[in-house]
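This report concerns only the one structure given below.
The values are calculated or read from the model by the stated rules, or taken from the named source; none is laboratory data. Just so it is clear, the model here is predicted, and its values are computed rather than measured. Note that each Cβ is placed from the backbone with ideal geometry, even for glycine, and that neighbours are counted across all protein chains shown. Each accessible area value is taken on the protein alone, full model and side chains, heavy atoms only, with ligands, DNA and RNA left out. Shrake-Rupley method; radii C 1.70, N 1.55, O 1.52, S 1.80 Å.
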Amino acid sequence: MIFGERNAQKKKVKDLKGEVKQLKKQMMGAGCEKGTVNSLLGEFEETLILAEKRSSDYDISSYHISETRKAIVRLLDCMGESPVQEVKQSLSELVNDLDLVYHDCSIRHDDLDFKSTITCLKGMVSDYGNANFAGKDIMLRSELENIKAVLDDAAGFHAPNFFALAYYELHEDKDSLKEMENEQRNLFLKDYLKRHFTERFHSETKRSGVEEKVKELMENYLDNGNKCADI
C-alpha cells in the first residue's frame, strides 16, 4: 500500500509539473516577461508540493486526534467494569495512536508538558494489572482526562492555510512560528504570503488570463480549496 501511495504521489507531482509548464506557455504567450514567469511559477510549484505534504501530515494528525479522543471516552466509561487484559489492550492501542497526533499546527513534537504526560501514561499502561499498579486507578483516570483536554483543544483549532505555511517554511525559519497561538499564526502566515508572493502572483496571472486556471489547479492538487484559501 505504501508503494502504491508513493507511485500515486509521484504521478500527482508529474501531472502538476505538466500543468505548470502549460501555464508558463500561456503567461508568456500573453506577454508576461519570461524571467518573471519562471520565478513566480517556480515558487508556486515548489510551494504547492510542500503544501500538499503539510496538508497530508495534518490530516493524519487530525485523524489520530479524533480516534484517541473517542478511545479515551470509551476507556473512562468502562475501565472499572471490563476485564483487565481487555483494558490493557485498549490502553496499549491508545498509546500507539498518541504517537501519531503530532503536527506543528496542532500538538507540537516539542510540547514537553504533553510528552511528559504521555511518558507517565506509558509507564502506567506497562504496569496495568500487576502489583506495581495498585492504587493508581485515580491517577490513570486523571492522566487520561488531562490528555483528552489537550486533544480537545487541538481538535478545535482552525486548520492553517497550507500554501501560506509552506511558502513561509521555504523562506524563513519555521521554528519562529512555534510560540504563536493558532489564530495568531494563521493571520501572520496569510499576511506574510500576501506581502511576499500573492500580490505579485495575482497581478501576473490576472494580466495573462490564467487566474481561474491557477485557482482550479490549486484546489485539485490539494483536494480541498479551503487548504489554500485566500491565496
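Data overview
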item: Identity of the residue in the range 117-149, under 30 Å from residue 187 (Cα atoms), of a type outside the set (D, E, K, R) and open to solvent by 20 Å² or more (accessible area, probe 1.4 Å), that ends up farthest from the chain's Cα centre (by Cα); result: 146
item: Scope the range 150-195; condition surrounded by 17 or more Cβ atoms within 10 Å (Cβ to Cβ) and acidic (Asp, Glu); matching residues; result: 169
item: Selection within the range 77-96 - assigned to a helix (DSSP H, G or I) and either of a type in the set (S, T, N, Q) or crowded, with 18+ Cβ neighbours inside 10 Å (or both); result: 85, 87, 88, 89, 90, 91, 92, 94, 96
item: Qualifying position, being open to solvent by 30 Å² or more (accessible area, probe 1.4 Å), part of a helix (DSSP H, G or I) and touching a Ser or Thr at 6+ places or on another chain (Cβ under 8 Å), among 69, 74; result: 74
item: Any hit, the range 57-78, residues being of a type in the set (Phe, Trp, Tyr) and in contact (Cβ under 8 Å) with a residue 60 or more places away in the chain; result: yes
item: Residue list for the range 43-66, restricted to those being among the aromatic types (Phe, Trp, Tyr) and surrounded by 16 or more Cβ atoms within 10 Å (Cβ to Cβ); result: 44, 58
item: Residues satisfying the stated conditions in the range 1-58, i.e. aromatic (Phe, Trp, Tyr) and at pLDDT below 90; result: 3
item: Among residues of the range 79-110, those that are closer than 28 Å to residue 185 by Cβ and touching a residue at least 24 places away in the same chain (Cβ under 8 Å), counted; result: 12
